[in-house]
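The values are calculated or read from the model by the stated rules, or taken from the named source; none is laboratory data. Because the structure is a prediction, the values reported are computed rather than measured. Because the Cβ atoms are built from the backbone with ideal geometry, glycine has one as well, and the counts that use them run over all protein chains shown. Calculation scope for accessible area: heavy atoms of the full protein, side chains included, ligands and nucleic acids excluded. Shrake-Rupley method; radii C 1.70, N 1.55, O 1.52, S 1.80 Å.
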Number of protein chains: 2
Amino acid sequence: MRIVEMHITPIALGDPPLLNAAGLHAPYALRTVVELVTACGLTGLAEVPGSAAVDAVLEESRAVVLGADPRNWHALKGALEGHFKPESSTARGDTPWDQRKIVQVFSALDVACLDIAGKAYGVPVANLLGGIVRERVPYSAYLFYKYEGARQRAALDPEGIVAQAQAMVAEFGFRSIKLKGGVFEPEQEVAALKALRSAFGPEVPIRYDPNALWTVETSIRWGKELESVLEYFEDPARGQAAMAEVRRSVKLPLATNMCTTSFADLPGSVRLGSEDIILTDHHYWGGLHSSMELASFCRSFGLGVSMHSNNHGGISLAAMTHLGAAMPNLSYALDTHYPWQWEEIIVGGRMKIEDGCVTLPQGPGLGVELDRSALERAHQNYLRCGFKERDDEPEMQKKVPGWKFKATRW
Amino acid sequence: MRIVEMHITPIALGDPPLLNAAGLHAPYALRTVVELVTACGLTGLAEVPGSAAVDAVLEESRAVVLGADPRNWHALKGALEGHFKPESSTARGDTPWDQRKIVQVFSALDVACLDIAGKAYGVPVANLLGGIVRERVPYSAYLFYKYEGARQRAALDPEGIVAQAQAMVAEFGFRSIKLKGGVFEPEQEVAALKALRSAFGPEVPIRYDPNALWTVETSIRWGKELESVLEYFEDPARGQAAMAEVRRSVKLPLATNMCTTSFADLPGSVRLGSEDIILTDHHYWGGLHSSMELASFCRSFGLGVSMHSNNHGGISLAAMTHLGAAMPNLSYALDTHYPWQWEEIIVGGRMKIEDGCVTLPQGPGLGVELDRSALERAHQNYLRCGFKERDDEPEMQKKVPGWKFKATRW
C-alpha cells in the first residue's frame, strides 16, 4: 500500500475573544488539514495547529511521504527523522527545522496513516492503539475569561465565570471543569475558583492553569489556598525546577503541558519530580502512537495522564477521542476547546458532546469524512483573514494598548 | 469479534545438555502452546515457557478470555488485572498469583490476540506494532558450555567454545556471538572470550553473560580484562545496585535481563543507573505491545535494547521476529536458543536462519500454523518425560553429585 497524494490545506475557524496568558484569541483559529491518499483510493485525515511555518515543514516532508506505506508508521517516521536531522538540513542549506514543528508533522502523518490503516482493516483507529477500553470518552468544561463577542457573554469576574460554567455544563453535561487563568491577578482568579467550587460542590472536579505566569512564591502562596478546591493545579510556575519546588510545598497534584512536553524532557521530570500528571496532546507529542508511549511511561513512573487542547475542529476531536478510548490509564477528563468553535469541516457538522462525553466514532479509521465545500469555505476564510500564525499579543493590544506578554507576571 | 475457545497444550521439545549458572538443561525444554479461536473461525497462536504453574494461571484466565474481543488487548489485559489482583485472589481463596507468572499469561494472550488481529486485517503482526522497519531480523550465535549429547560436540574449554562458534556461524551465518557463562571460574571463561575474539576478529561483536554469579569485585576485575573484547557485558553481578557499581568502574556497556525485568523496575534503573542496555523478552515483559513500550522508554532514557531468549520453538521465533521487525531502536542482534532445538510444531518444520537473520514471515498474523500431529507428538513427549517445570539443578547433580546452585559463586 503506497501513499500517492498529500494535500495540505490551511483553514481558519471562527473563534471568540478568549483571554489567556499570551493575550487574546484572534477572531480566527488556524488549523491545517492534511489528507493522504493511497494508490488503492483510501484517504487518511489529520488536523494540526495552523501556521505557515508548520505548513512549510509539511510541504518539505512530501517527498518522503509519497511512496511510503501508511501501515509502517515507524519506518516513515525514521525516514522523516533522517530527512529533517539538523546535519542533513544544513548540508542542503534548508531551513533549520526545529523539533517543535517536526513533532506536529509527525502528529499529522501518524494520525492520517492510522486513519488509512483503520479503513484498510475495517476497524476504528482506537483498535490500532492497543484496543478500545472505553466507548464514551469524558471531556471537561474549558472555561475562559472572555470579552463580549461570539459564543456566550463576557466573563471577566467570578460571577461571569460561574455563569459560563453553568451554561456550558447545561449544554454539554460536563462533569469536570477547567479554568484557563493567567489573565487577572491571582487573588481574582482564586476567587473565581472558589466561586466555582461553591456553585458546583465537591463532586465536580476543578482544574486551573495560570500558564506558568506565577513565581514559585506566588504559586505556593495561592496553591495552598487552593488545596481544598482543585483536582489539579496545572503549570503554576515555569520550568521543571520551579514546578518541583512548588510541588514540594503544595498539597495538590501538579500537572503540566509546559515543563515536560517531549520525550527528551522525561529524564528531567524523573530527576526533579516536576509534576504528578502529564498532559499529553497528540499534536505536540508526535501523534497517537507516541501519546500511548507517554501513557506507558506515566504508568511505570506513577504519574497520571490528562490531555491538553488548543482550538481544534472535528478531525482532531475524533483523533483525541480515539486516543481517549484506547488509553488504559487516562486518569482525567480530557481538555477540549471544541465548544468554543461553531464551524465544522466534517460531514454531518458539529460532533456531539453529551453527558460530557464524546462517543467513539463507529466508522473505520477516525470515523470522520471531509465536507469538501465546508473545507473550501474554511480555506477561503484562511486566505481572507490574513493570519499566518497564532499571535495573541497584537490582538490584546487592540483592546489594551501597549499590553505585552510577560513570561512571569505575578 | 469474540474468543470462543482457548486451548492450552504443554509440550516438551528435545534439548541438548547445555550448562549454565543454574545447572544443566534437562533432555526436554518445556513450552506451553496457547491457541485462541474466535466465533468467526480465526485462530491465534502463542508459546510461553512451560511450567505446570503457568499452565494453572492460563487455565484460571480462561473465564476472562472467553467472550473477549481479541482486537481490544488493553481491555482484556485490564479485565485480567482485575481478576488476578492480589486482593480479589485472597478474597476468593485462590492461588496467590505472582506477577512473574501473570506476565507470561499476558504475553501468551497478547501474542495470540495479535495473531488473530493480523489475520483479520490481512497484515503481519509487525504492522500492528507500529509497522515494519526491517524485513530481515538479525540474531546472534548463542554459545553454551555443554556436555557431549544431542547437537554438536562437547564444549568445555576455550577450544571447544571456538569450535562451537565456528560450526554455528558456518551453518547459520550469524554476525555476532553470545557466550552463556557462569559455568566455570572467571579466568577460564574470560580465556574462552579472548579465544573467540582471536578467532573471529573485531568485526564480530561478542557478548557475555555470567548470569549474576559474580561479586562486584570479580565483575570489575574481569570486566576490565574484557573492555577491548566485548560488545556488551550482561548481568555480571546481581541486582541494580551491584550492577550500577560495576558500571561506574568498567568501560563496557552493561546489559540486563536480571536486574531490570519489569516496568516496576524502571524507576530503580533510572535512579541507580544500573545498565546501558535492557534485554526485552516478550514472554517476560507481558507481550509484544509491552516490549514496544519498553523500547520507547529506552529511547527516551538513552538506553539500548537487545533481546533475551530461553529455549523456544517456531511460534516464539515468529513472535520475536515480528517484534524485531517493528522495533525502531533495536540496537543489537537478538538472542535465540533456536539452533539448539531440532523438533518443531509448526507447518513446514524448522524456520530458516540465513546470514544470521530470520526473514519476517509473510503471511497475515504471525505467519505460522500449527502442525497438529507434531503438536500431539510434542504433547505426548511432555506427558511421558514427567517434567513439570524447568529445574536445572537436579540434572546437574546427575553429572556432578552434590552440585548446588549458588546465587553468587565467584
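For region B:2-23, the set of residues classified as open to solvent by 10 Å² or more (accessible area, probe 1.4 Å), touching a helix residue (DSSP H, G or I) at 6+ places or on another chain (Cβ under 7 Å) and more than 18 Å from B:Leu317 (Cβ to Cβ) consists of B:Ile8, B:Pro10, B:Asn20, B:Ala22, listed by residue number.
Out of B:Lys101, B:Lys119, B:Lys180, which single residue is of a type in the set (Lys, Arg) and over 30 Å from B:Glu5 (Cα atoms)? Reasoning before the result, please.
Working: B:Lys101 fails: over 30 Å from B:Glu5 (Cα atoms); B:Lys119 fails: over 30 Å from B:Glu5 (Cα atoms).
Only one candidate qualifies: B:Lys180.
A:Gly181: within 30 Å of A:Lys399 (Cβ to Cβ) and either within 14 Å of another protein chain (Cβ to nearest Cβ) or within 22 Å of the chain's Cα centre (by Cα) (or both), yes or no?
Numbers: within 30 Å of A:Lys399 (Cβ to Cβ): yes; either within 14 Å of another protein chain (Cβ to nearest Cβ) or within 22 Å of the chain's Cα centre (by Cα) (or both): yes.
Yes: the conditions hold for A:Gly181.
On the stretch given as region B:155-186, residues that are open to solvent by 40 Å² or more (accessible area, probe 1.4 Å), in contact with a Pro (Cβ under 9 Å, 6 or more places away or on another chain) and of a type outside the set (Asp, Glu) total 1.
Condition (residue is open to solvent by 40 Å² or more (accessible area, probe 1.4 Å), under 17 Å from B:Leu317 (Cα atoms) and away from chain A (no Cβ under 14 Å)) applied to region B:103-116: is it met by at least one residue?
Here is the first cut: in region B:103-116, the residues open to solvent by 40 Å² or more (accessible area, probe 1.4 Å) are none.
No, there is no match, as no residue in region B:103-116 is open to solvent by 40 Å² or more (accessible area, probe 1.4 Å), under 17 Å from B:Leu317 (Cα atoms) and away from chain A (no Cβ under 14 Å).
Select, from A:Lys398, A:Lys352, A:Lys388, the only residue that is within 23 Å of A:Val123 (Cβ to Cβ), surrounded by fewer than 24 Cβ atoms within 10 Å (Cβ to Cβ), away from chain B (no Cβ under 14 Å) and charged (D, E, K, R).
Numbers: A:Lys398 fails: within 23 Å of A:Val123 (Cβ to Cβ); A:Lys388 fails: within 23 Å of A:Val123 (Cβ to Cβ).
Going through A:Lys398, A:Lys352, A:Lys388 in turn, the sole match is A:Lys352.
With the condition kept exactly as written, say whether any residue in region B:262-280 is open to solvent by 10 Å² or more (accessible area, probe 1.4 Å) and touching an Asp or Glu at 6+ places or on another chain (Cβ under 8 Å). Yes, because at least one residue in region B:262-280 is open to solvent by 10 Å² or more (accessible area, probe 1.4 Å) and touching an Asp or Glu at 6+ places or on another chain (Cβ under 8 Å). Residues in region B:129-140 that are open to solvent by 20 Å² or more (accessible area, probe 1.4 Å) and at the interface with another protein chain (Cβ under 9 Å from one of its Cβ atoms): B:Ile132, B:Val133, B:Arg134.
The set of residues from region A:310-338 being within 13 Å of another protein chain (Cβ to nearest Cβ) and modelled with pLDDT under 95 comprises just one member, A:Leu330.
Out of all the residues in region B:239-248, is one or more assigned by TED's automatic domain parsing to the domain that holds B:Ala141, assigned to a loop (DSSP other than H, G, I, E, B) and modelled with pLDDT of 95 or more?
Initial filter on region B:239-248 (assigned by TED's automatic domain parsing to the domain that holds B:Ala141): B:239-248.
If we keep only those that are assigned to a loop (DSSP other than H, G, I, E, B) as well, we get B:239.
Narrowing the set further to residues that are modelled with pLDDT of 95 or more leaves B:239.
Within region B:239-248 (the criterion being assigned by TED's automatic domain parsing to the domain that holds B:Ala141, assigned to a loop (DSSP other than H, G, I, E, B) and modelled with pLDDT of 95 or more), the answer is yes, since at least one residue qualifies.
Among the residues of region B:194-228, the one identified as assigned to a loop (DSSP other than H, G, I, E, B), under 21 Å from B:Leu334 (Cβ atoms) and among the β-branched types (Val, Ile, Thr) is B:Val204. Region A:308-410 holds helices (runs of 4 or more DSSP H) entirely within its bounds, and those carrying 1 or more residues that are over 26 Å from A:Leu36 (Cβ atoms) map to A:372-385, A:392-399.
If I filter region A:281-303 for residues that are more than 11 Å from chain B (Cβ to nearest Cβ) and open to solvent by 40 Å² or more (accessible area, probe 1.4 Å), do I get at least one hit? Looking through region A:281-303, at least one residue is more than 11 Å from chain B (Cβ to nearest Cβ) and open to solvent by 40 Å² or more (accessible area, probe 1.4 Å). Under the condition of being open to solvent by less than 30 Å² (accessible area, probe 1.4 Å), among the aliphatic types (A, V, I, L, M) and not in a helix (DSSP H, G or I), the residues counted in region A:28-72 number 10.
Would you check which residues across region B:293-307 are assigned to a helix (DSSP H, G or I) and within 18 Å of B:Tyr139 (Cα to Cα) and list them? Break it down stepwise before answering.
In the first step, residues of region B:293-307 are kept if they are assigned to a helix (DSSP H, G or I); the result is B:293-300.
Matches in region B:293-307: B:Ala295 only.
Mind counting the residues in region B:305-315 that are open to solvent by less than 10 Å² (accessible area, probe 1.4 Å) and either under 12 Å from the mean Cα position of the chain (by Cα) or under 16 Å from B:Ala333 (Cβ atoms) (or both)? Result for region B:305-315: 6. B:Gly149 fulfils the conditions (1) small (Gly, Ala, Ser); (2) in contact (Cβ under 8 Å) with a residue 60 or more places away in the chain; (3) touching a helix residue (DSSP H, G or I) at 6+ places or on another chain (Cβ under 6 Å) except for a single criterion, (3).
In this structure, is B:Arg136 touching a residue at least 40 places away in the same chain (Cβ under 8 Å) and closer than 30 Å to B:Pro364 by Cβ? Show your work before the answer.
Working: touching a residue at least 40 places away in the same chain (Cβ under 8 Å): yes; closer than 30 Å to B:Pro364 by Cβ: yes.
Yes.
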